[in-house]
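Engineer: One structure, as structure tokens, below. Some questions next.
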Amino acid sequence: MTAALADATPHGAAQSARPAVAADAAMLAGRHLRLMTRRPASIISAIVLPLIFVLLFFTVFGRVMARAGIDYINYLLPAAVIQAVFFSAISSAILAAEDVVGGTLHRLRTMAVSRSAPAFGLLAAELARSVLSLGVLLAIGTALGFRFHGGPWQALGFPVVMLAFAAALVSCHIALGFALRRVETVTVATNLIYFPFLLLSSAFTPAASFPSWLRPVVEQQPVSQVADALRALTTQDAALARPLLIAGAWLAGLLLLGALGATRAVGRSS
Amino acid sequence: MSASVRPALVGDTLVMSGRALRLTMRDPVTVVLSVIFPLLLMLLMTASFAKIVYPTGGYGDFVDIGLPLFILVGIAFAAPMTAAATASDLRSGFDARIRTMPVPTLAALAGRLVADTARSAVTVAVVVVVGLPLGFRFTAAPWGAVGFLLLPLLFGLGLGFLALLVAVHAPDVETVNATLNPIMLLGMFLSTGLVPSADLPGWVQPVARVNPFSVVIEAMRALAHGGPTAWPVLEAVAWSVALVVVCGALALRTYRRRSARPAG
């Protein structure tokens, strides 16, 4: 059908009218990245805030954690990485809402731009931002004593799991931003996700320190599973299959949820 | 005739306070930051860190000792929002409009400050009411409890002027938050609010001792739980008054200049 159409129309016209998801998404990712570099709050939340949090948590809780027998910088770095991904996700929800309110999304829909390109473009930009945060955190973490105790393949798995988590969380937040539209509502909603999921997890403190009735929730929720997987990748002789499979299943589910949600929300947004 | 033209500072300030309070209550971010955020943080930090910080104590002990910090969290993180709103009155032309009317120059600002203090009072009330069943106790004299409830309001006024000082120079809310949130974070973490001074690293201990957040937190603890109160409270009041006077004077200078020439 497509081939027949392409044959029937002049070659150039068919090509320019056909939406090219990858090219359009790359274009829009570039736009978001340029906008981010011009926004001080964006740079601060990508680079400065993750740094401040890892420094503050290490400084304030390092001693009490050592007393509990935990090498806190090795424990904390996966948490800081997860937190940085949350910052990217919150940023993506706000940018998504701004593009709905500002009319950019509406404008794009009137043009020969792929329907899924706005979501993919924003996702790509936020993934690039997450990589920047990861680099900064690994540098400061190494300076504070963080080490990969597994082999090189395990160490390589660390950024892979982080990016998979970022893809899953950011796509859900893009869906949220497209659906909620108002920047204030988005800010509140994203924080109501961020704080409980991050603090009621084994990211910053072991599940054993939580009240016993809360422990099952803390142990099973996705942020803890991702933290466990990231931690297994930094530990020598860790059993990898189980944490990676559980985290992978959660992330696949979240990614599907985000993709469906974003597609639906874009469809309704005009 | 002349009575209707003469500015009435108290009455006009009350009207402006009502306006500012309504605006504050209608801003979901400010409401969340001053009511839900401190409660959420208190519950979550207690669940996750109580057993680490006080291995021999219970979760209630962490609430009892940490409650002053959670009050200050609510006050400190909402302050930039209301300060930015005050500064936006300068830019939107609201202040210029008020200046053309027989209203005292500073009634609009005074109204904002009254509303800010009311916002702080709501935070104090909510955190204390939720903290009591979780393990917070007033074990000292009743006047100590009164001082405990009032001290954060005074410190909140100081933080409000600090935030206003930043807000009158910043172009938008985002910049106000981006400037102030790291300061507030440093103030709250590098304090004795979460972890006792002895458990902080050596180089942090002197920082935590002079940090105004620690000073106010220690004074609030003394007021709630007993022990020597005169010196800690004096120190906390001195810090708050210093913030009000220094930041207030600097902020007011710019505020007056800006409201005289609103186009800038």
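Engineer: What do you reckon, is residue B:81 within 12 Å of chain A (Cβ to nearest Cβ), farther than 26 Å from residue B:172 by Cβ and assigned to a helix (DSSP H, G or I)?
Structural biologist: So residue B:81 does not fit the description; no.
Engineer: Checking residue B:164 against (1) within 13 Å of the chain's Cα centre (by Cα); (2) within 10 Å of chain A (Cβ to nearest Cβ): exactly one of these is not met. Which one?
Structural biologist: Result: residue B:164 passes all but (2).
Engineer: If I filter the stretch B:47-59 for residues that are within 24 Å of residue A:62 (Cβ to Cβ), within 20 Å of the chain's Cα centre (by Cα) and within 14 Å of chain A (Cβ to nearest Cβ), do I get at least one hit?
Structural biologist: Scanning the stretch B:47-59 turns up no residue that is within 24 Å of residue A:62 (Cβ to Cβ), within 20 Å of the chain's Cα centre (by Cα) and within 14 Å of chain A (Cβ to nearest Cβ).
Engineer: Now a separate question. Here are some conditions: (1) more than 21 Å from residue B:138 (Cα to Cα); (2) within 14 Å of chain A (Cβ to nearest Cβ); (3) of a type in the set (Ser, Thr, Tyr); (4) in a helix (DSSP H, G or I). Residue B:88 meets all but one. Which one does it not meet?
Structural biologist: Single failed check for residue B:88: (2).
Engineer: Identify all residues within the stretch A:245-262 that are surrounded by fewer than 18 Cβ atoms within 10 Å (Cβ to Cβ) and of a type in the set (A, V, I, L, M, F, W, C); write none if there are none.
Structural biologist: Taking the stretch A:245-262 first, the residues surrounded by fewer than 18 Cβ atoms within 10 Å (Cβ to Cβ) are A:245-246, A:248-249, A:252-253, A:256-257, A:260.
Result: A:245, A:246, A:249, A:252, A:256, A:257, A:260.
Engineer: Which residues, taken from the stretch A:53-81, are of a type in the set (A, V, I, L, M, F, W, C) and more than 19 Å from the chain's Cα centre (by Cα)?
Structural biologist: Listed by number, the residues that qualify are A:55, A:56, A:57, A:58, A:60, A:61, A:64, A:65, A:66, A:68, A:70, A:73.
Engineer: Among the listed residues A:52, A:47, identify the single one that is at pLDDT 85 or above and touching a Pro at 6+ places or on another chain (Cβ under 8 Å).
Structural biologist: Just a single option satisfies the conditions, and that option is A:52.
Engineer: How many residues, within the stretch B:60-78, are within 12 Å of chain A (Cβ to nearest Cβ) and surrounded by fewer than 19 Cβ atoms within 10 Å (Cβ to Cβ)?
Structural biologist: Here the count works out to 1.
Engineer: From the list A:138, A:230, A:176, which one is modelled with pLDDT of 90 or more, part of a helix (DSSP H, G or I) and over 24 Å from residue A:253 (Cα atoms)? Working first, answer last.
Structural biologist: On the way: A:230 fails: over 24 Å from residue A:253 (Cα atoms); A:176 fails: over 24 Å from residue A:253 (Cα atoms).
After applying the criteria, what remains is A:138.
Engineer: Suppose we keep only residues that are away from every other protein chain (no Cβ under 14 Å) and crowded, with 16+ Cβ neighbours inside 10 Å within the stretch B:20-46. Which one would you say is farthest from residue B:126 (Cα to Cα)?
Structural biologist: Within the stretch B:20-46, the match that is farthest from residue B:126 (Cα to Cα) is B:20.
Engineer: OK, next. Here are some conditions: (1) closer than 30 Å to residue A:193 by Cβ; (2) more than 14 Å from every other protein chain (Cβ to nearest Cβ); (3) in contact with a helix residue (DSSP H, G or I) (Cβ under 8 Å, 6 or more places away or on another chain). Residue B:9 meets all but one. Which one does it not meet?
Structural biologist: (1)
Engineer: Kindly evaluate residue A:47 against the criterion of being facing another protein chain (nearest Cβ under 9 Å), touching a helix residue (DSSP H, G or I) at 6+ places or on another chain (Cβ under 8 Å) and part of a helix (DSSP H, G or I).
Structural biologist: Here the answer is no, as residue A:47 does not meet what is asked.
Engineer: Go through B:140, B:167, B:230, B:238 for me and flag whichever is of a type outside the set (Lys, Arg), in contact (Cβ under 8 Å) with a residue 60 or more places away in the chain and either out of contact with any helix residue (DSSP H, G or I) (no Cβ under 8 Å at 6 or more places or on another chain) or surrounded by fewer than 20 Cβ atoms within 10 Å (Cβ to Cβ) (or both).
Structural biologist: B:140
Engineer: Please enumerate the residues belonging to the stretch B:177-198 that are within 10 Å of chain A (Cβ to nearest Cβ), touching a residue at least 12 places away in the same chain (Cβ under 8 Å) and hydrophobic (A, V, I, L, M, F, W, C).
Structural biologist: B:188, B:190, B:194, B:195
Engineer: Can you say whether residue B:138 is on the phi < 0 side of the Ramachandran plot, touching a Phe, Trp or Tyr at 6+ places or on another chain (Cβ under 8 Å) and not charged (D, E, K, R), as far as the supplied structure shows? Walk me through it before giving the result.
Structural biologist: Values: on the phi < 0 side of the Ramachandran plot: yes; touching a Phe, Trp or Tyr at 6+ places or on another chain (Cβ under 8 Å): yes; not charged (D, E, K, R): yes.
For residue B:138, the condition - on the phi < 0 side of the Ramachandran plot, touching a Phe, Trp or Tyr at 6+ places or on another chain (Cβ under 8 Å) and not charged (D, E, K, R) - is met.
Engineer: Then there is this: Of the conditions (1) more than 30 Å from residue A:58 (Cβ to Cβ); (2) among the hydrophobic types (A, V, I, L, M, F, W, C); (3) assigned to a helix (DSSP H, G or I), residue A:112 satisfies every one except a single condition; which number is it?
Structural biologist: Of everything listed in (1) more than 30 Å from residue A:58 (Cβ to Cβ); (2) among the hydrophobic types (A, V, I, L, M, F, W, C); (3) assigned to a helix (DSSP H, G or I), residue A:112 misses just condition (3).
Engineer: Any residue at all in the stretch A:110-132 that's on the phi > 0 side of the Ramachandran plot, free of Cβ contacts under 8 Å to residues at least 60 places away in the same chain, away from every other protein chain (no Cβ under 14 Å) and not aromatic (Phe, Trp, Tyr)? Walk me through it before giving the result.
Structural biologist: Residues of the stretch A:110-132 that are on the phi > 0 side of the Ramachandran plot, as a first pass: none.
The answer is no; no qualifying residue exists.
Engineer: Which one is surrounded by the fewest Cβ atoms within 10 Å (Cβ to Cβ) among residues in the stretch A:184-222 that are under 23 Å from the mean Cα position of the chain (by Cα), facing chain B (nearest Cβ under 8 Å) and not in a helix (DSSP H, G or I)?
Structural biologist: By that ranking, first place goes to A:200.
Engineer: While we're looking at this one, here's another question. Based on what the data block shows, is residue A:34 charged (D, E, K, R), more than 15 Å from the chain's Cα centre (by Cα) and away from chain B (no Cβ under 13 Å)?
Structural biologist: Against the criterion (charged (D, E, K, R), more than 15 Å from the chain's Cα centre (by Cα) and away from chain B (no Cβ under 13 Å)), residue A:34 qualifies.
Engineer: Now for a separate question. Regarding residue B:223, is this residue in contact (Cβ under 8 Å) with a residue 12 or more places away in the chain, in contact with a helix residue (DSSP H, G or I) (Cβ under 8 Å, 6 or more places away or on another chain) and over 29 Å from residue B:109 (Cα atoms)?
Structural biologist: yes
The values are calculated or read from the model by the stated rules, or taken from the named source; none is laboratory data. The structure presented is a predicted model; accordingly, all values stated were derived computationally and were not measured. Neighbour counts are summed over all protein chains in view; Cβ atoms, including those assigned to glycine, are modelled from backbone coordinates with ideal geometry.
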